[in-house]
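FYI, it's all coordinate maths here, none of it is from the lab. Quick caveat: nothing in here was measured; it's all calculated off a predicted structure. Don't worry about glycine lacking a Cβ; one is built from the backbone with ideal geometry, like all the others, and counts go over all protein chains shown.
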Amino acid sequence: MFFINSGSEANEGAIKLARKYGEKYLNGAYEIITTINSFHGRTLATMSATGKKIWDKLYEPKVPGFKHVPLNDIDALKQAITPKTCAIMLEPIQGEGGVNEASTDYFKAIKHLCDENNLLLIVDEVQTGLGRTGKMFAYEYYGIEPDIMTLAKGIGGGYPLSALLAKEKLNIFEAGDQGGTYSAQPLGMAVGSAVVKEIISKNLSKNAKLQGEYLTSKLEEISSKYKLKNIRGKGLLIAFDLPTENGSEIVSECLKEGLLINSPRPSIIRLMPPLIVTEKDTDNMISILCKVLDEKLNIN
């Protein structure tokens, strides 16, 4: 484990570790395959890894060595693998991309491809880790284990903390290869320890699963009235499609009413309640959401 401050730093470390592995064991291979609509951070390297179309021309030239393929298209991924490939980097559920889930068959096929070709599987759990999806880590849904995993957001409960985790066989950084001014600083470690203990002792993963099911059922109840489509996600990482493209307006109006949601794309609303949310909280949330949808979707 290597502790730092942000998801970008954790993913940057994962990229460096994968390239070190490629240099050491794969004749200098350095390319990493990621998916379209993925999000891995805002440093130049993690922006280059990210599959957001609107970032294609930002801050050029980007860091070379990344290929982007469609999510859940195993054939496209196979075709992208070359002797220069060292790793595949994947979010179990694309959060910023609009809550797009990797299928179980796809995930297992990727793991098989990695094992077959001696490639590394990097799982970015910055958004999905620490109970968010109803399990401690989202990769547990797929019956596989990654070679490298990155964590942030939930690990610090709001405090800036992230982590890069790798199998022992990948403990190949030399002293000084990886570092940071605030890496593993004592306050961050104390906060992270307290947060993780709370998540485990209160079984907040289970609460996320149960409350996510309740929230989904409430959204399904109103879906016909508001023409909401494709309600999706796991645990307390949920999204749905609007019949319009005014997601940002809906987000702004909900915020005025005390409800914090977001719109990763104009026609998508994403919901990420805290892991301690209750049914009463959800009922209140749905009430506010309906009030805003009544106004913004012109529902009679």
Check your understanding: By its C-alpha gyration tensor, with a ≥ b ≥ c as the square roots of the eigenvalues, how is the stretch 204-296 shaped: rounded for a/c under 1.5, else prolate for a/b larger than b/c, else oblate?
Key -> prolate
Exercise for review: Label the chain by shape, choosing from rounded, prolate and oblate, from the square roots a ≥ b ≥ c of the eigenvalues of the Cα gyration tensor; if a/c is under 1.5 it is rounded, and otherwise prolate applies when a/b is larger than b/c, oblate when it is not.
Suggested key: prolate
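Residues with beta-carbon under 14 Å from that of residue 263, excluding residue 263: net charge, scoring Lys, Arg +1 and Asp, Glu -1?
Details: positive: 265, 270, 296; negative: 96, 241, 245, 249, 253.
Value of the local net charge: -2.
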Review point. Top mean-square fluctuation among 192, 41, 28, Gaussian network model of the chain, C-alpha springs under 10 Å?
Key: 28
**Study point:** For the stretch 1-146: rounded, prolate or oblate by the Cα gyration tensor [a/c cutoff 1.5]
**Key:** rounded
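Using helices alone, what [θ] at 222 nm do you get for the chain, with -39,500 (n - 2.57) per DSSP H run of 4 or more residues, divided over all residues and rounded to the nearest 500? Intermediate values should be presented prior to the final figure.
Working: 8 runs with 113 residues, N = 300.
Estimated from H runs of four or more residues: -12000 deg cm²/dmol.
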**Study point:** Net charge of neighbours whose Cβ lies under 12 Å from the Cβ of residue 144, counting Lys and Arg as +1 and Asp and Glu as -1
**Key:** -3
Review point. Amide H to amide H under 5 Å from residue 4: which residues, 5+ apart in sequence or cross-chain, H placed 1.01 Å off N in plane?
Key: 162, 163, 164, 184
**Study point:** Residues with amide H under 5 Å from that of residue 31, placed H, sequence gap 5 or more
**Key:** 85, 86
Check your understanding: Cα centroids of the stretch 171-216 and the stretch 84-111: how far apart, whole angstrom?
Key -> 21
**Study point:** Table column - 3J(HN,Hα) (Hz), the stretch 154-166, Karplus curve with 6.51, -1.76, 1.60, x for Gly and Pro
**Key:** x, 5, x, x, x, 7, x, 7, 8, 8, 10, 10, 8
Practice item. Show me 89-102, 195-208 ranked by packing, highest mean number of other Cβ atoms within 10 Å first. Key: 89-102, 195-208
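Given the pairs 62/135; 234/280; 24/153; 52/280, which span a C-alpha to C-alpha distance of over 24 angstrom in this model? Walk me through the intermediate numbers first.
Numbers: 62/135 35 Å; 234/280 20 Å; 24/153 32 Å; 52/280 36 Å.
Correct reply: 62/135; 24/153; 52/280.
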